[in-house]
Amino acid sequence: MSELGWEKRQFGHRARLALSAAEHLLMDEQAHAARTMWNCLHAWWQMMPRHKRTLANADAAIRQARKEIDFLAVLPAQAAQAVLKTYFQAWKNCWDGRVDAPNFKGRLRSVMSVDIPQGRDLQIKRVHRRWGMANIPKVGRVRFRWTKDLPVGKHADNNNRITGARLVKDALGWHIAFRVALLEAKPAPHPGAQVGIDAGVNLPLALSDGNHHDHGRAPRLPDGSADRDKWLNTQEKSKLLRLERRAAQRKAHCRPGERTSRRLHHTYDQIRGLRAKATRRHQDWQHKTTTALAHKYGVMVVEALTITNMVKSARGTIAEPGSSVAQKAGLNRAISQEAWGRTVTMLAYKAGRYGGTLHKVPAPNTSRRCSACGFITPGSREDQATFVCKNPDCGWSGNADHNAAQNILHLYRTGHALIPAAGRAVVRRDKRVKPATAR
């Protein structure tokens, strides 16, 4: 037994399904039935008096609906119960102030998904080095990509098992997301060094020790504009441009209030497929990079960024119009494409898994302060990539993201880390920030 003890870890693993045309149709029917079940529950909730909105009455209502409507019978009974529990949990989350009230799920706006609440119904088996088999209720045995070892067969017990799954459809097809529970030994404290990490646009992840991580994709085109399709190759970019022009032409022929044609929907699906492929490649780079960082460093420090405020439009109002609106829009797209929030989330849970820690420091002036002398002078950022200290006694210049990463680490070392308390972040500040050691 480990000297540090054991701990339970729950995580999800998503794998792509390989379905035939018939299986794909069955999955679509189940997803539409689950969406219809949600809408029926929502209508029932609005129609019933408050004192009759109970879980038992709702359960009786959906059981009666499954008997009377053949379309709803396509959905497995346990999946229907999962829809019921999810709907009631959505109302509890709304009453607690975490989310908005549940609403009607439209056919084109909602994500198609089906829940499998019990893991024993899956009957997972590995049949090949790259493929596994799982049983989907009312669909049959289907194949999925085996990219991670799962606790199945002789490796499964009460502490290490798959507790359920969820079938989700996106632009790339159907996927299965397993819910896995494991009992693992607690990791020992990571002996690695401390590092400050600055997330940028020109340099995705700048590290204070100079070991920067770049994804090799040019964030800017030769004319200086942001490349919104940097994760696609040349052929895919040409195809995407052709599809966007085709969609614009077909949309121009639609009259106001007229139903959108199937050809236009098919073009939109092709565009979404290319966009989803680019997102998948970016996530793959993020996972590999954050795993490498969690393996190497024991303490990682990042900025506490409010990204929603950073990507606000500069358009302004009619009375006070904004300036440089197009340039700000391009910067907002570049920030959104880098997905800084997702990177921090990955670093947080991977650091804990390998025995490290992740800390956040206040973001103001980390990009404008000189890491050599500690002074903040106006005009130090000559462009997006270069920092030049305007202090006459210093004059240091270098990469702006590297300078910010050193300031981030220095803030942590001087006791300016954010301490979460009572659901909010409290800043522990010293009286003054000492400048970093000059190089």
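The number of residues in the stretch 157-176 that are out of contact with any Leu (no Cβ under 7 Å at 6 or more places or on another chain), over 24 Å from HIS266 (Cα atoms) and in contact (Cβ under 8 Å) with a residue 12 or more places away in the chain comes to 4.
Regarding GLY210, is this residue more than 26 Å from LEU232 (Cα to Cα) and either surrounded by 13 or more Cβ atoms within 10 Å (Cβ to Cβ) or in the same structural domain as ILE408 (by TED's automatic domain parsing) (or both)? It would help to see each step written out before you state the result.
Details: more than 26 Å from LEU232 (Cα to Cα): yes; either surrounded by 13 or more Cβ atoms within 10 Å (Cβ to Cβ) or in the same structural domain as ILE408 (by TED's automatic domain parsing) (or both): yes.
Yes.
From the list GLU68, GLU29, GLU7, GLU23, the one residue that fits, being of a type in the set (Asp, Glu) and in contact with a Gly (Cβ under 9 Å, 6 or more places away or on another chain), is GLU23.
Answer yes if at least one residue in the stretch 183-204 is more than 30 Å from ALA417 (Cα to Cα), in contact (Cβ under 8 Å) with a residue 24 or more places away in the chain and not β-branched (Val, Ile, Thr), and no otherwise.
Let us first name the residues in the stretch 183-204 that are more than 30 Å from ALA417 (Cα to Cα), namely 183.
From what's left, in contact (Cβ under 8 Å) with a residue 24 or more places away in the chain: 183.
Next, from what is left, pick out any that are not β-branched (Val, Ile, Thr): 183.
Within the stretch 183-204, one or more residues are more than 30 Å from ALA417 (Cα to Cα), in contact (Cβ under 8 Å) with a residue 24 or more places away in the chain and not β-branched (Val, Ile, Thr).
Taking the stretch 159-169 as the range and being surrounded by 16 or more Cβ atoms within 10 Å (Cβ to Cβ) and either on the phi > 0 side of the Ramachandran plot or not basic (Lys, Arg) (or both) as the test, the residues that pass are ASN160, ILE162, GLY164, ALA165, LEU167, VAL168.
Can you confirm whether the stretch 85-96 contains a residue that is in a loop (DSSP other than H, G, I, E, B) and either within 30 Å of THR260 (Cα to Cα) or touching a residue at least 40 places away in the same chain (Cβ under 8 Å) (or both)? Give the steps one after another, and end with the answer.
Looking only at the stretch 85-96, we keep the residues that are in a loop (DSSP other than H, G, I, E, B), and these are 96.
Okay, now just the ones that are also either within 30 Å of THR260 (Cα to Cα) or touching a residue at least 40 places away in the same chain (Cβ under 8 Å) (or both), so none.
No, every residue in the stretch 85-96 fails to be in a loop (DSSP other than H, G, I, E, B) and either within 30 Å of THR260 (Cα to Cα) or touching a residue at least 40 places away in the same chain (Cβ under 8 Å) (or both).
Of all residues in the stretch 255-268, those that are under 15 Å from GLU244 (Cβ atoms) have Cβ atoms under 9 Å from Cβ atoms of residues that are of a type in the set (A, V, I, L, M, F, W, C) and surrounded by fewer than 13 Cβ atoms within 10 Å (Cβ to Cβ), 6 or more apart or on another chain, in LEU264/CYS254; HIS265/LEU108. Looking only at the stretch 37-84, residues that are loosely packed, with under 14 Cβ neighbours inside 10 Å and under 20 Å from LEU167 (Cβ atoms) come to 2 in all.
Residues of the stretch 134-147 being surrounded by fewer than 17 Cβ atoms within 10 Å (Cβ to Cβ) and assigned to a strand (DSSP E or B), which ones? Listed by number, the residues that qualify are ASN135, GLY140, ARG141, ARG145.
Which of the residues spanning the stretch 269-290 are among the basic types (Lys, Arg) and touching a residue at least 40 places away in the same chain (Cβ under 8 Å)?
Of the stretch 269-290, the ones among the basic types (Lys, Arg) are 272, 275, 277, 280-281, 288.
Matches in the stretch 269-290: ARG272, ARG275, LYS277, ARG280, ARG281.
Within the stretch 381-439, the set of residues being of a type in the set (S, T, N, Q) and either within 30 Å of GLN327 (Cβ to Cβ) or modelled with pLDDT under 85 (or both) comprises GLN384, THR386, ASN391, SER397, ASN399, ASN403, GLN406, ASN407, THR437. Restricting attention to the stretch 232-243, the residues being within 23 Å of GLN283 (Cβ to Cβ) and free of Cβ contacts under 8 Å to residues at least 40 places away in the same chain number 7.
Across the stretch 149-156, not a single residue is classified as buried (at least 16 other Cβ atoms within 10 Å of the Cβ) and under 19 Å from ALA77 (Cα atoms).
The values are calculated or read from the model by the stated rules, or taken from the named source; none is laboratory data. All values reported here derive from a predicted model rather than from experimental measurement. For neighbour counting, all protein chains shown are included, and Cβ atoms are generated from backbone atoms with ideal geometry for every residue, glycine included.
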